[in-house]
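Trainee: Okay, handing you the structure first.
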Amino acid sequence: MENKIGSINYRELLNKYKMVLVLICMVIIMSIVSEHFLTSQNIINIIRQISINAILAIGATFVIITGGIDLSQGSVLAVSGVIAASFIKHGYASIFIAAITGILVSCLLGFINGLTIANFKVPPFVVTLAMMTIARGIAYVYTDGRPIVDLDKRFLVLGQGSLGFLPYPIIVMIIVAVLAAIILYMTKFGRYVFSIGGNIQAARVSGINTNRIIVLVYTLSGLLAGLAGVMLASRINTGQPQAGQSYEMDAIAAAVIGGTSLSGGVGTIAGTLVGAIIIGVINNSLNLLNVSQYYQLIVKGIVIAVAVIIDVKSQKKF
């Protein structure tokens, strides 16, 4: 009996940390293949580059845990970036107010997603696909299809500055991850999110206001997309209406690779961060190996497919 129990615990432990082991193996292999990979500068660059995707992926994690999906994050990110950039460029508001305005507009778009899904019972895929197109159109109309450039240098601190050796985007990512973990694991809201993903009918019967939670989850996703949009505009010194294209796919991939189940009810913030780092390591490794960007898309697609297969197999097995 003890051997059996020990075997089960070992298997469960392996299943729980399988992606961490994958990441460790990737790091070991790349450190052997490329002498430039395991340097402090490159590691910092990887984490800085994945910071925006990680923030989006945290929002996606909340949504996916409820059994939903958000395909509009990339377009919502663009809306936030161009609004903040235009306010700064034309002197409509201070840098802080401009950034907050962009984030609030993104919150509103996320709120509309949640309200439509919760009240009209339209599938999240359809609603957020429509919002993806609408928000992208808003970004193009707002800017007349032209990027907003030459922003106030003080605005660039968020995306390009650092505190000591640690870039601000990484600091923001860490703060967002810690707050998200607290909300998800230590509050009633977090427990309700898991309950809805596990069984929405049972959640309703138990007295949970499922519509309210769904609206809040998509609003949170919009808020984080807005924050990511402001950070990206600051990093590239441009409010770009084309920004964020396909970013939602990387965010969903990071969440799923990190163990968030597309069936809902399962997911962790730490796992999502691991997933985002894995994608970042893949991108960085392929760049170091001078692999064409076109092939990089193929590799990322394969990684996503494998992650989903593992997720499905794990659900059946455990």
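Trainee: Output the residue which, of all residues in the stretch 99-116 that are in contact (Cβ under 8 Å) with a residue 12 or more places away in the chain and out of contact with any Ser or Thr (no Cβ under 8 Å at 6 or more places or on another chain), is surrounded by the fewest Cβ atoms within 10 Å (Cβ to Cβ). I'd like the intermediate steps shown before the answer.
Mentor: In the first step, residues of the stretch 99-116 are kept if they are in contact (Cβ under 8 Å) with a residue 12 or more places away in the chain; the result is 99, 101-115.
From what's left, out of contact with any Ser or Thr (no Cβ under 8 Å at 6 or more places or on another chain): 99, 101, 104, 108, 112, 115.
Details: 99: 27, 101: 19, 104: 14, 108: 16, 112: 19, 115: 16.
Filtering the stretch 99-116 for residues that are in contact (Cβ under 8 Å) with a residue 12 or more places away in the chain and out of contact with any Ser or Thr (no Cβ under 8 Å at 6 or more places or on another chain), the one surrounded by the fewest Cβ atoms within 10 Å (Cβ to Cβ) comes out as 104.
Trainee: Return only the number of the condition from (1) at pLDDT 90 or above; (2) part of a helix (DSSP H, G or I); (3) over 28 Å from residue 158 (Cβ atoms) that residue 9 does not satisfy.
Mentor: The one condition residue 9 does not meet is (1).
Trainee: Return the total of residues in the stretch 140-183 being part of a helix (DSSP H, G or I), among the small types (Gly, Ala, Ser) and without any contact (Cβ under 8 Å) to a residue 60 or more places away in the chain. If you could, list the steps in order and put the result at the bottom.
Mentor: Applying the first criterion (part of a helix (DSSP H, G or I)) to the stretch 140-183 yields 140-143, 153-160, 168-183.
Checking which are among the small types (Gly, Ala, Ser) leaves us with 159, 177, 180-181.
When the remaining residues are screened for being without any contact (Cβ under 8 Å) to a residue 60 or more places away in the chain, the result is none.
Matching residues across the stretch 140-183 total 0.
Trainee: With (1) surrounded by 16 or more Cβ atoms within 10 Å (Cβ to Cβ); (2) under 21 Å from residue 238 (Cα atoms) as the list, and residue 145 as the residue in question, which single condition is left unmet?
Mentor: (1)
The values are calculated or read from the model by the stated rules, or taken from the named source; none is laboratory data. It should be emphasised that the depicted structure is a prediction, and the values quoted were computed from it without experimental measurement. All Cβ positions, glycine included, derive from the backbone under ideal geometry; neighbour counts span all protein chains shown.
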